[in-house]
Amino acid sequence: MKKNKFSWVAALALSGSILFSSCIGSFGLFNTLKDWNSGVSGNKFVNELVFLALHIIPAYEICYFADIIVLNSIEFWSGSNPLADVGAVKTVKGENGNYVVTTLENGYSISKEGETASMELLFDEATQTWNVVADEECMPLLKMNGNGTADLYMADGTTLNVTLDEQGKLAASEAMMSRVLAN
């Protein structure tokens, strides 16, 4: 039982660090254009000419502006990038090793490199709730309230209402750390 409780606390701490980290957005549209430009040819001079042409049109500026004004705002408030590549796999270096993050249609699957156990962060559009799924158990993590606040579900069964700003991020971090240290 102690190990299962520790697993949930670790899962919540990892999830909270991902969900409450400062985010300026992934700039999905801009990066897609940049990646396409990089793959146009194996010749760096051709890539540079295409790069300059796309600035003259101004394709880069339009994509960047669309990301800043529309797409990154959608990503921030909804928690999902409208241009995210479902199935994309990234490796993230952590303090305790590397983690493999796979983009799902409604969230992310996270596993430690070399281990079979994984956890998922899944967003339920109907309830506006992020859930943690681990060891075949589903536990709500965060509910977006639509009024500039979110309810953070703590491991001890309590709910913490936080504002979606720096003050709320700080309150959530402090609450999570105090509960982790208390256990």
Exercise for the section: Tally the residues that are free of Cβ contacts under 8 Å to residues at least 60 places away in the same chain, farther than 17 Å from Met176 by Cα and not hydroxyl-bearing (Ser, Thr, Tyr), restricting the search to region 101-153. Expected result: 25
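Quick one: in region 155-183, which of the residues that are at pLDDT 80 or above and assigned to a loop (DSSP other than H, G, I, E, B) is surrounded by the most Cβ atoms within 10 Å (Cβ to Cβ)?
Applying the first criterion (at pLDDT 80 or above) to region 155-183 yields 157-163, 167, 171, 174.
Within this subset, residues satisfying the condition of being assigned to a loop (DSSP other than H, G, I, E, B) are 157-158.
On the way: Gly157: 6, Thr158: 10.
Once the filter is applied, the top-ranked residue is Thr158.
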Exercise for the section: May I ask you to list the residues in region 140-162 that are under 20 Å from the mean Cα position of the chain (by Cα) and on the phi > 0 side of the Ramachandran plot? Expected result: Gly146, Gly148
Fill in the blank from the handout: Cβ pairs under 7 Å, 6+ apart or interchain, first in region 62-89 and surrounded by 12 or more Cβ atoms within 10 Å (Cβ to Cβ), second at pLDDT 70 or above and aromatic (Phe, Trp, Tyr), ordered by first then second residue, are Cys63/Phe30; Tyr64/Phe30; Asp67/Phe27; Asp67/Phe30; Asn72/Phe27; Gly79/Phe123; Gly79/Trp130; Ser80/Phe123
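The values are calculated or read from the model by the stated rules, or taken from the named source; none is laboratory data. Being a predicted model, the structure only gives us computed values, none of them experimental. Neighbour counts are summed over all protein chains in view; Cβ atoms, including those assigned to glycine, are modelled from backbone coordinates with ideal geometry.
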